[in-house]
């Protein structure tokens, strides 16, 4: 399996579409490499969280049409088996899923059905079997699509999937979310609601769990402290505990001096093999206003 350093180097060198294989060819090769890897390597899998910036934003030179190929290339070159994606609108998902290996979309959009932004999961069906899945809204009415909780500016939700790894036969549960960008109380209440959902499920609370997404909260914030006390650890910090310049909101300018607000968290039951913040750009253009975050993990036997 390629190392994250090799992946990032490949992304940096791919400066123009003509210099690379087509997206479809890259996707096929990346997943063939994974499925043909030795058994010891196949026990690990790659998880990516990526806020791709909603495609109707008035972003001028950074509009979706000008960066959509780069978003797809990042997804292909990092070759994740599980993606927590945020701010994706239906036409953006259609574009990406047409160009990627057979991923299954898990979850509704935040206004219900396919309306509004999507912060759910994309699951590699060749790697995982989906045993169960669902979603709930981060509000006082969690079963009501589009409901807004506390002081949030807009509807927020969490999508989950109970997965079986076809290579190892081991189970895990993955949660994907996008916490509110304005509501301080909403962020605190939301992480409490997510943890309550995990603990309250008698069947799954002992299954190793991943929680990924854009938390709109820095590493020293109350929501992160709550999640740490609940038994979650940041996979990136498990590999790079002293790393500086780890900001993940780049404002389309490549800045990394702010807070790390995008996370892949894990409960006990995982071995973390590698992690990276992916700072891909092409001729000064970034795929999104957030850097994606990648982790290589393994469910312990």
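Results for (1) under 16 Å from residue 214 (Cβ atoms); (2) in a loop (DSSP other than H, G, I, E, B); (3) modelled with pLDDT of 95 or more, shown as yes or no for each residue.
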| position | (1), (2), (3) |
| --- | --- |
| 101 | no, yes, no |
| 133 | no, no, yes |
| 143 | no, yes, yes |
| 151 | no, yes, yes |
| 169 | no, yes, yes |
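What are the pairs, 6+ residues apart or on separate chains, where a residue within the range 37-57 that is over 17 Å from residue 174 (Cβ atoms) has its Cβ under 7 Å from a residue that is surrounded by 15 or more Cβ atoms within 10 Å (Cβ to Cβ) and at pLDDT below 95?
Hits for this filter: 37/1; 41/1.
Out of (1) under 30 Å from residue 153 (Cα atoms); (2) surrounded by fewer than 19 Cβ atoms within 10 Å (Cβ to Cβ); (3) out of contact with any helix residue (DSSP H, G or I) (no Cβ under 9 Å at 6 or more places or on another chain); (4) modelled with pLDDT of 95 or more, what's the single condition that is false for residue 291?
Only one criterion is unmet by residue 291, namely (2).
One line per residue, one yes/no per condition, for (1) free of Cβ contacts under 8 Å to residues at least 60 places away in the same chain; (2) assigned to a helix (DSSP H, G or I); (3) within 21 Å of residue 51 (Cβ to Cβ):
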site	(1), (2), (3)
154	yes, no, yes
172	no, no, no
181	yes, no, yes
197	no, yes, no
207	no, no, no
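Could you list, in sequence order, the residues of the range 129-142 that are without any contact (Cβ under 8 Å) to a residue 60 or more places away in the chain and out of contact with any helix residue (DSSP H, G or I) (no Cβ under 6 Å at 6 or more places or on another chain)?
Matches in the range 129-142: 129, 130, 131, 132, 133, 134, 135, 137, 139, 140, 141, 142.
Anything in the range 103-131 that is over 21 Å from residue 52 (Cβ atoms) and not in a loop (DSSP other than H, G, I, E, B)? List them, or say none.
128, 129, 130, 131
Here's a check for you: in the range 247-269, which residue that is in contact with a helix residue (DSSP H, G or I) (Cβ under 8 Å, 6 or more places away or on another chain), in a strand (DSSP E or B) and in contact (Cβ under 8 Å) with a residue 60 or more places away in the chain is nearest to residue 221 (Cα to Cα)?
263
The values are calculated or read from the model by the stated rules, or taken from the named source; none is laboratory data. What you see is a predicted model; the values in this text were computed from it and never measured. Note: ideal-geometry Cβ built from the backbone for every residue, glycine included; neighbour counts use all protein chains shown.
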